[in-house]
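FYI, it's all coordinate maths here, none of it is from the lab. Everything numeric here is computed off the predicted structure, so don't read it as measured data. All Cβ positions, even for glycine, are placed from backbone atoms using ideal geometry, and neighbour counts span all protein chains on display.
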Amino acid sequence: MAQLQRLREVRERGQWIPRSDSLYDCTHIAVCDNLDMSDERLRAIYAATDADELQQRYDAWATEYDADLEALSYTAPIAGAEQCHRVVGPLATVLDAGCGTGLVGARLAALGVGRLVGFDLSAEMLRCAGERGVYAELVQGSLLEPLPFERHFDAVVSVGTFTFGHVGPDALAHLPAVVRPDGFVVMTFRDDVMRDMGFDRAVERLERDGVWRLEDRSDPAPLIVEDGVGADMRVWTWRVLG
């Protein structure tokens with residue numbers, strides 16, 4: 001009965017169902033009944049089956065990414081950036097993990113964050129981010145691997161990256177590993193992603209292991225509209241322990 005109810009919810013929302021808790025290489029089942037994605041590129045992104053395919057699709061999307069997401073009422077970058085600034089204040093050093101074209105970085109720079117470093121899988125996305133002129137450094141790489149940074153950031157912010165077709169829960173530990181003690185990790189999660197991909201269990205495991213402590217969790221809000229329906233997201237904030 002629970003599975004049937006879940007399927008009904010998925011059909012209504014035009015959602016992608018992960019078949020495993022793996023990372024970029026997870027496969028997906030498209031529930032196609034009544035599916036009317038507002039943008040074919042977003043459908044392609046969710047359907048990516050490995051890191052190379054995801055990188056290629058983001059490279060192809062980069063120049064039109066901002067306009068497409070504006071059409072989807074994508075406000076998660078603003079919400080994530082403002083929460084990050086709220087906890088670290090001005091003059092902080094922040095890693096934007098999965099920075100894309102720099103939507104989060106642009107907002108952080110406007111708020112007065114001191115030094116921004118962007119990290120992303122897509123070279124074309126990084127090129128677009130560089131054109132904003134707000135990042136002190138841009139680094140290409142995969143969040144599936146330990147990050148190529150020392151443990152010195154005041155915060156890591158990651159918006160829209162740990163989700164279907166992207167990065168799974170096993171990679172969560174890579175973020176606090178580059179944050180100084182008493183720094184912060186700020187992330188956005190869709191409620192269904194947190195539940196269905198096992199992020200809730202991974203988060204709790206890191207708390208039990210003394211890696212971080214939950215500081216704040218926002219109320220759910222429709223930070224993106226897909227197929228005409230708002231998808232609830234929350235901004236989560238953890239304090240990194242010593």
What GluC sites (Glu not before Pro) does the stretch 140-207 have in DSSP loop regions with at most 10 other beta carbons within 10 Å? E150
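As an exercise, identify the trypsin sites (Lys or Arg not before Pro) in the stretch 79-133 lying in DSSP coil whose Cβ has no more than 16 other Cβ atoms within 10 Å. The partial results should precede the final answer.
Working: sites: R86, R107, R115, R127, R132; in loops: R132.
Answer by residue number: R132.
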At 25 °C and a viscosity of 0.890 mPa s, what translational diffusion coefficient does Stokes-Einstein give for the stretch 63-161, taking Rh as the Kirkwood radius over Cα pairs? Give it in µm²/s as a whole number. 184
Loop-resident trypsin sites (Lys or Arg not before Pro) in the stretch 148-210 with no more than 15 other Cβ atoms inside 10 Å, DSSP not H/G/I/E/B, are R151
Need one number: nm distance between label points at R151 and R180, each 7 Å from Cα along Cα→Cβ, rounded to one decimal. 1.3
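Stretch Q56-V225 to full length: gain in nm at 0.36 nm per residue minus the Cα-Cα span?
Full extension of this stretch gives 58.4 nm more.
Evaluate 2.2 N^0.38 Å with N set to the residue count of the stretch 154-241, then give the Cα radius of gyration divided by it. Please report the intermediate quantities before stating the final value.
Values: Rg = 12.8 Å, N = 88, 2.2 N^0.38 = 12.1 Å.
Here the answer is 1.06, to two decimals.
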